[in-house]
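The values are calculated or read from the model by the stated rules, or taken from the named source; none is laboratory data. This is a predicted model, so every value here is computed, not measured. Cβ atoms come from the backbone with ideal geometry, glycine included; neighbour counts cover every protein chain shown.
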Amino acid sequence: MTTAIISHPDCGLHDMGQGHPESPDRLSAIQDQLIASGLEMLLQHVDAPLAERKHLELVHDSTYVDSIFQSSPVSGQRAWIDPDTSMNEHTLKATLRAAGAAIHAVDMVMTNKVSNVFCNVRPPGHHAERARAMGFCFFNNVAIGAAHAIKEYQLERVAIVDFDVHHGNGTEDIFKSDSRVLFCSTFQHPFYPYSAAETDIAHIVNVPLELGTKDDTFQQAVTEQWLPKLIEFKPQLILMSAGFDAHIEDDMAGLALTERSYSWVTQEIKTIAGHYANGRIVSCLEGGYALSALGRSVAAHIGVLIE
């Protein structure tokens, strides 16, 4: 079977203003690198559908969903949701495409149409809590995908792994009381959103990393703290919050990973998915703001998914 990539032009129309790091150029940088590397022609390209309210409300409060819909501005105006997260007239549709990509990706792998999927979408999602937007995120794409898999395919064990430089506080908020979802996260600490240095929830595996952490230390942490939990859990599906802002070239944060770690962690997760989940992986883009490093890192990630 093949690897699919799901995206949509609407995701490039969401724009939070000149100079904002979460820019439409991120998707272009990824696409350009996939073409340059020759990977683009090996992927099955799929347009992201629009998520429906019923999908959003699997993980978000209905009043919160209402607030995002009602905040959507008219043409030429901007609505600020928090100090670094805003909407233009295209944002709402982009958020629905991003969530719809995760849903459609789950459907594709669960019906054996493809082995795995990368969702090349924005805005990202892992900071979006059940009733709060923050950190460039409005709806939690991976959480929606996981909840959809549990509801529609009666899965009992879904794993989410998050290697963004920031803690996936929204994903933890949504699933902290749901042991059907194992959530494993690495993140720089102390750092935004200043959460989860410690946890005593059995199905939440938070791994804080010190400023300057390099490839070998990251890989050791994942080996010692993620992998035993994932093997014990035996996930039927794995979703990835694939953030690439821990790269050494990304000055939005202070970790020092390279493409080597993104290839390595993808291979480790792919091996576990092969053992327990029939190879089923859905990966959703989260952070990554140094454009060249982002493109190269995503290509390294996708290159392993294709193998």
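Restrict the check to region 8-28 and report whether at least one residue is in contact (Cβ under 8 Å) with a residue 60 or more places away in the chain, crowded, with 17+ Cβ neighbours inside 10 Å and under 28 Å from ASN278 (Cα atoms).
yes
Among the residues of region 184-213 satisfying the criterion of being of a type in the set (Ser, Thr, Tyr) and outside any strand (DSSP E or B), which is farthest from GLY168 (Cα to Cα)?
If we take residues in region 184-213 being of a type in the set (Ser, Thr, Tyr) and outside any strand (DSSP E or B), then THR213 is farthest from GLY168 (Cα to Cα).
Return the pair list, or none, for Cβ contacts closer than 9 Å from residues in region 37-48 that are more than 13 Å from ASN116 (Cα to Cα) and touching a residue at least 60 places away in the same chain (Cβ under 8 Å) to residues that are part of a helix (DSSP H, G or I) and of a type in the set (Asp, Glu), at least 6 apart or on different chains.
ALA48/ASP10
Pick out the one residue from ASP173, ASP178 that is out of contact with any Phe, Trp or Tyr (no Cβ under 9 Å at 6 or more places or on another chain), in a loop (DSSP other than H, G, I, E, B) and among the charged types (D, E, K, R).
Just a single option satisfies the conditions, and that option is ASP178.
May I ask you to list the residues in region 20-46 that are outside any helix (DSSP H, G or I) and within 17 Å of the chain's Cα centre (by Cα)?
Those that are outside any helix (DSSP H, G or I) and within 17 Å of the chain's Cα centre (by Cα): PRO21, GLU22, SER23, PRO24.
For region 123-134, name all the residues that are part of a loop (DSSP other than H, G, I, E, B) and touching a strand residue (DSSP E or B) at 6+ places or on another chain (Cβ under 7 Å).
PRO123, PRO124, GLY125, HIS126, HIS127, ALA128, ALA133
Have a look at THR95, THR63 and point out the one that is more than 27 Å from ILE5 (Cβ to Cβ) and either hydroxyl-bearing (Ser, Thr, Tyr) or surrounded by 23 or more Cβ atoms within 10 Å (Cβ to Cβ) (or both).
THR63
Of all residues in region 230-261 being buried (at least 24 other Cβ atoms within 10 Å of the Cβ) and either under 16 Å from VAL117 (Cα atoms) or modelled with pLDDT under 95 (or both), which is nearest to the chain's Cα centre (by Cα)?
In this case the residue turns out to be SER241.
Would you point out which residue out of PRO49, PRO73 is assigned to a loop (DSSP other than H, G, I, E, B) and touching a Gly at 6+ places or on another chain (Cβ under 7 Å)?
Every option except PRO49 fails the conditions.
So that you can scan it fast, the table gives a plain yes or no per residue for (1) buried (at least 24 other Cβ atoms within 10 Å of the Cβ); (2) among the hydroxyl-bearing types (Ser, Thr, Tyr); (3) modelled with pLDDT of 95 or more:
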site: ALA102; (1), (2), (3): yes, no, yes
site: ASP107; (1), (2), (3): no, no, yes
site: THR111; (1), (2), (3): no, yes, yes
site: ASN116; (1), (2), (3): yes, no, yes
site: ASN120; (1), (2), (3): yes, no, yes
site: GLY125; (1), (2), (3): yes, no, yes
site: ALA128; (1), (2), (3): yes, no, yes
site: ARG132; (1), (2), (3): no, no, yes
site: PHE138; (1), (2), (3): yes, no, yes
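Restricting attention to region 177-203, and to residues there that are among the aromatic types (Phe, Trp, Tyr) and within 15 Å of VAL161 (Cα to Cα), which single residue is surrounded by the fewest Cβ atoms within 10 Å (Cβ to Cβ)?
PHE187
Keeping to region 255-298, report how many residues are closer than 16 Å to ASP25 by Cα and either hydrophobic (A, V, I, L, M, F, W, C) or in a loop (DSSP other than H, G, I, E, B) (or both).
10
Restricting the search to region 226-254, which residues are farther than 20 Å from GLU22 by Cβ, outside any loop (DSSP other than H, G, I, E, B) and in contact (Cβ under 8 Å) with a residue 24 or more places away in the chain?
TRP226, LEU227, LYS229, LEU230, ILE231, PHE233, LEU237, ILE238, LEU239
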